[in-house]
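Here is the structure we will look at.
The values are calculated or read from the model by the stated rules, or taken from the named source; none is laboratory data. Note that the coordinates shown come from a computational prediction; the quantities given were computed from them, not determined experimentally. Here the Cβ positions follow ideal geometry from the backbone for every residue, glycine too, while neighbour counts run over all protein chains shown. For accessibility, only protein heavy atoms count, side chains too; no ligands or nucleic acids. Shrake-Rupley method; radii C 1.70, N 1.55, O 1.52, S 1.80 Å.
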Amino acid sequence: TLGNGNVSVIHSPLERPIIISSCSTKDRREKLSRYRNKKTKRNFGRKIKYACRKALADCQPRIRGRFAKTEESNNSKRQ
C-alpha cells in the first residue's frame, strides 16, 4: 500500500510494515555528498590509540602469535 506523498508503507512477508520515507532531491543530494565525503576520509590503516596498551601487549607472552598465560608459555618452552 502506498501512503500519501512522502511516506510509503510496504508490507513484508512477515507481516511487519516497513516504512520508507522519501526526501526531496535537495536533501538527497546533501546526504549523498556527506556520505561521499565521509567515504573518502575513511582510514583502514592501523592506528595505535593508546601507547600504554601497545606497550603492555608487547610485553605479553605469545604462542604462535596469540596471547598466552605465563604457565602455557613456560610449558611450551620446556617441550
Revision key, fill the gap. Residue set Thr40, Thr1; condition of a type in the set (S, T, N, Q), open to solvent by 100 Å² or more (accessible area, probe 1.4 Å), at pLDDT 90 or above and out of contact with any His (no Cβ under 6 Å at 6 or more places or on another chain); output residue Thr40
Exercise for review: List every residue pair whose Cβ atoms sit under 7 Å apart, with the two residues 6 or more apart in sequence or on different chains, where the first one lies in region 42-60 and is under 23 Å from Glu71 (Cβ atoms) and the second, anywhere, is part of a loop (DSSP other than H, G, I, E, B) and among the charged types (D, E, K, R).
Suggested key: none
Exercise for review: For region 43-64, enumerate the residues that are surrounded by fewer than 10 Cβ atoms within 10 Å (Cβ to Cβ), at pLDDT 90 or above and under 25 Å from the mean Cα position of the chain (by Cα).
Suggested key: Tyr50, Ala51, Cys52
